[in-house]
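Visitor: Take a look at the following structure, please.
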Amino acid sequence: MEKIVGRRNGRVNALRVLYLLDVYKNLTVEEAIKTVFNEIEFETDTREFFEKIVKGTLNNIQIIDSYIEKHTINWKLDRMATVDKNIMRIATYEMMNMPETPINVIIDEAVEIAKQYSNSDSSKFINGILDKVKIIRKELNNK
């Protein structure tokens, strides 16, 4: 079995876990992670990054969701596509908690993942919202 390497792969597989948890409400975090790990093997750094994103996003989901909704016009999270919503959650978590990663890299990664895993309009939608959400890093640094 080939090992999965790289932050993008960590983000994509975190998306898989968050998607599973959104769709299958009775699934536990451990079961969702186990489902992903049964299919692939991560390189150690990628696994640590993946776990940090999954657990961090879930632990901060209310703050993340409220921040995303604050920066959308006429959109509630429950109306958004599950994939799009979780891509934005991951990116927002990174903006909040991973200052070593430049904002533009986080947004670019989210847009590229959306191009691959969502519909053709999603990447523009996600880019527009994350461009507004990115102020979260500045706001957190000023506290």
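Visitor: Under 7 Å by Cβ, and 6 or more places apart or on different chains, what pairs join a residue from the range 9-38 that is over 19 Å from residue 60 (Cβ atoms) with one that is of a type in the set (S, T, N, Q) and in a helix (DSSP H, G or I)?
Guide: So the pair list comes out as 9/46; 23/82; 36/13.
Visitor: Please indicate, with yes or no, whether at least one residue in the range 31-45 is at negative phi, modelled with pLDDT of 90 or more, surrounded by fewer than 15 Cβ atoms within 10 Å (Cβ to Cβ) and not basic (Lys, Arg). Break it down into steps so the answer makes sense when it comes.
Guide: Step one: filter the range 31-45 for residues at negative phi, giving 31-45.
Within this subset, residues satisfying the condition of being modelled with pLDDT of 90 or more are 31-32.
After this cut, where a residue has to be surrounded by fewer than 15 Cβ atoms within 10 Å (Cβ to Cβ) as well, the list is 31.
Remaining after also requiring not basic (Lys, Arg): 31.
Yes, the conditions are met somewhere in the range 31-45.
Visitor: Closer than 15 Å to residue 71 by Cα and not in a loop (DSSP other than H, G, I, E, B): is that true of residue 112 in this structure? Reasoning before the result, please.
Guide: Details: closer than 15 Å to residue 71 by Cα: no; not in a loop (DSSP other than H, G, I, E, B): yes.
Taking the combined requirement at face value, the residue does not satisfy it.
Visitor: Moving on to the next point. All but one of (1) surrounded by 14 or more Cβ atoms within 10 Å (Cβ to Cβ); (2) over 22 Å from residue 115 (Cβ atoms); (3) of a type in the set (D, E, K, R); (4) without any contact (Cβ under 8 Å) to a residue 24 or more places away in the chain hold for residue 55; which doesn't?
Guide: (4)
Visitor: For the range 115-143, which residues satisfy the criterion of being closer than 17 Å to residue 19 by Cβ, within 16 Å of the chain's Cα centre (by Cα) and outside any helix (DSSP H, G or I)?
Guide: 118
Visitor: Return a yes/no flag: does the range 81-96 have any residue that is on the phi < 0 side of the Ramachandran plot and out of contact with any helix residue (DSSP H, G or I) (no Cβ under 7 Å at 6 or more places or on another chain). So that I can check it myself, show each step before the final result.
Guide: Taking the range 81-96 as the starting set, the residues that turn out to be on the phi < 0 side of the Ramachandran plot are 81-96.
Now narrow it down to the ones that are out of contact with any helix residue (DSSP H, G or I) (no Cβ under 7 Å at 6 or more places or on another chain): none.
So far as the range 81-96 goes, no, none of its residues is on the phi < 0 side of the Ramachandran plot and out of contact with any helix residue (DSSP H, G or I) (no Cβ under 7 Å at 6 or more places or on another chain).
The values are calculated or read from the model by the stated rules, or taken from the named source; none is laboratory data. Because the structure is a prediction, the values reported are computed rather than measured. Here the Cβ is made from the backbone with ideal geometry for all residues, glycine too, and neighbour counts use every protein chain on show.
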